[in-house]
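What follows is one structure encoded as structure tokens, with my remarks underneath.
Readers should treat all values here as calculations from the given coordinates under stated rules, not as data from a laboratory. As the structure is a computational prediction, the values presented were derived from the model and not from experiment. Every residue, glycine among them, receives a Cβ derived from its backbone with ideal geometry; neighbour counts consider all protein chains shown.
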């Protein structure tokens, strides 16, 4: 469970999150984090959040943003608002650490998404880019579809493919979330 000042890290993509305000503390209205990105971090997949808006402020370093068909660099003091359903990706393409204040409204279960995906990466259960195998991905993507959706493959393909794989994933012992990551 996320709580203020809890820190989680993904050694695969060089990202660390420190929770500032959580869903529990804001009655679900806000998830606020401080995100630290190592130099030359991995670009995440282009994705969107179906029912959540995000606000970022760059506190240190520079961040690369892919959105609306282009890329741009965000520098210290820059603020960014990403409306719900807007495809985007952010990462640190620079030579120094980058830090952002990151707010997600409403919180929904976004903190559980981060705890799960970063926990899997920290336990070595992902590839070098932080992506779990197809069976784990099937469960994780289905569970967190209300808060995170990849742009590729198309959502209908994801639903069909992952729907077919879900029973096999459960039979082989995979779970959508793991208590050890949420504690």
Relative to the first principal axis of the alpha-carbon coordinates of the chain, what is the inclination of helix 134-143, with its axis defined by its Cα atoms, in degrees from 0 to 90 and to the nearest 10? 70 degrees
Obtain the nm distance between the two label points defined at residue 145 and residue 85 by a simple spin-label model: each point lies 7 Å from its Cα along the Cα-to-C-beta direction. 1.7 nm
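By how many nm would the segment from residue 96 to residue 170 lengthen if fully extended, with 0.36 nm per residue of separation less the alpha-carbon distance? Walk me through the numbers before you get to the answer.
Working: separation 74, 0.36 × 74 = 26.64 nm, distance 4.13 nm.
So the chain would gain 22.5 nm between residue 96 and residue 170.
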Among 167, 11, 87, whose mean-square fluctuation peaks in a Gaussian network model of the chain (Cα, cutoff 10 Å)? 167
In nm, give the distance between the simple-model label positions of residue 27 and residue 73, each being 7 Å from the Cα along the Cα-to-Cβ direction. 4.4 nm
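Express in nm, to one decimal, how much length is gained between residue 60 and residue 160 on full extension, taking 0.36 nm for each residue of separation and deducting their alpha carbon distance.
Working: separation 100, 0.36 × 100 = 36.00 nm, distance 4.14 nm.
Gain on stretching residue 60 to residue 160: 31.9 nm.
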More than 24 angstrom apart: percent of Cα pairs within the range 7-110: 17 percent
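Largest first and in whole Å, give the semi-axes of the chain's equivalent ellipsoid, each being the square root of 5 times a Cα gyration tensor eigenvalue.
Details: eigenvalues 128, 66, 56 Å².
Each semi-axis is √(5λ); the values are 25, 18, 17 Å.
For Cα pairs less than 8 Å apart in space and 6+ apart in sequence, what is the mean separation divided by the residue count of the chain, i.e. the relative contact order in percent?
RCO, the chain: 25 percent.
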Between helix 155-171 and the chain, what is the angle of the helix's C-alpha long axis to the longest principal axis, kept within 0 to 90° and rounded to the nearest 10? 60 degrees
Kirkwood hydrodynamic radius (Cα pairs, Å) of the range 112-182? 12.3 Å
Crossing angle, helix 110-122 versus the chain [Cα axis fit, 0-90 degrees, rounded to tens]: 80 degrees
Could you work out how far apart the two model spin labels at residue 183 and residue 123 are, taking each label as a point 7 Å from the Cα in the direction of the beta carbon, and quote it in nm? 1.2 nm
